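Written out below as structure tokens is the structure these notes cover.
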Amino acid sequence: MSDSELVRADVTPTVLVILATFIITSAVALVSSLRDAQRYIQKHKRLDAAIDAYYNDQATRKQDAGPSTTRINQLFDSYKDPDVDQIKVDGTIRLCEDLGSDPEDVALLALAYELKSPTPAEWDRKGWVDGWRALGADTLEGMRSAVNKLRGRTASDPVYFSKVYNHTFDYVRTPGARSLGLDTAIPFWTLLIPHGLSDGAIAHRPTDGDESMGVEEGWQNEYTDWWFEFLNARGSKGVSKDTWSMFLEFIRSIDRGFANYDEEAAWPSTIDDFVAFARERLGTS
């Protein structure tokens, strides 16, 4: 049955006036047919109730649809390079200013993981749109909130910290290189390790022999400085992916005095040598 036949079947002139008024009132919201208008009028009987119901339904649908891809794309366009469809360094600097984040904020590493940034300070459109939609943000205010949550999660969630930490190695590594230059690794360790220690993301995990020890009995902040000193004194030029990833597990498992270190375990030789260095520094070798 067509719209006109449906209307002729049981609609009085008065109802037609109400229907017409309803269509005009709701035209901005794109009510597309008499059938939609009649359905709301028949259900709610009164024009004001029908209009309220319509707009409430539209608001619910909008929430269910999630963040607006259009708004996220518009924000991408406001930061992207004029010559390519990508946000480059200049756009990233403006983005950080608008987010209220320092470019060296650890939350930017988490954001790079979430938005699949291909390389530091660059963002592709697809990763940008998919990432912000997954984070539930389509406005600058929402993005600021999302970044704050990422900062907190990276400090407190051990599993999430591991994902961001391990992603960082490939993210900042020079394309084609197998290792991470020490001049790159140390600044990113300096950024990541204290943040992870601050709220439990790199909490000490007791082994069979030290179940009674608390977080304070594990890795100390000064040990991070010892690690850097050791690597520089050793003349290390690069950090392998194996050393990068295992170092995080080492921090989580080692006790304060390095007494529970298992030399027979499959640790990288660099970590073996560091333990000897640290024990000598502590006078426990």
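General observations
- Residue count for the stretch 84-123, restricted to those that are acidic (Asp, Glu), buried (at least 16 other Cβ atoms within 10 Å of the Cβ) and part of a helix (DSSP H, G or I): 1
- Any hit, the stretch 133-149, residues being touching a helix residue (DSSP H, G or I) at 6+ places or on another chain (Cβ under 6 Å), touching a residue at least 24 places away in the same chain (Cβ under 8 Å) and open to solvent by 60 Å² or more (accessible area, probe 1.4 Å): yes
- Residue match in the stretch 109-127 (condition: over 17 Å from the mean Cα position of the chain (by Cα) and basic (Lys, Arg)): no
- Unmet requirement for Asp130, which otherwise passes all of (1) within 24 Å of His195 (Cα to Cα); (2) assigned to a helix (DSSP H, G or I): (1)
- Yes/no for Asp81 being surrounded by 12 or more Cβ atoms within 10 Å (Cβ to Cβ) and assigned to a helix (DSSP H, G or I): no
- Among the candidates Ser240, Ser245, Ser269, the residue that is open to solvent by 70 Å² or more (accessible area, probe 1.4 Å) and closer than 27 Å to Pro175 by Cα is uniquely Ser269.
- Some residue of the stretch 187-199 being open to solvent by 60 Å² or more (accessible area, probe 1.4 Å) and either on the phi > 0 side of the Ramachandran plot or over 29 Å from the mean Cα position of the chain (by Cα) (or both): no
The values are calculated or read from the model by the stated rules, or taken from the named source; none is laboratory data. This structure is a prediction, so every number in the text was calculated from the model and none was measured. Cβ: placed from backbone, ideal geometry, glycine included. Neighbour counts: every protein chain shown. Surface areas here come from the heavy atoms of the whole protein model, side chains and all, with no ligands, DNA or RNA. Shrake-Rupley method; radii C 1.70, N 1.55, O 1.52, S 1.80 Å.
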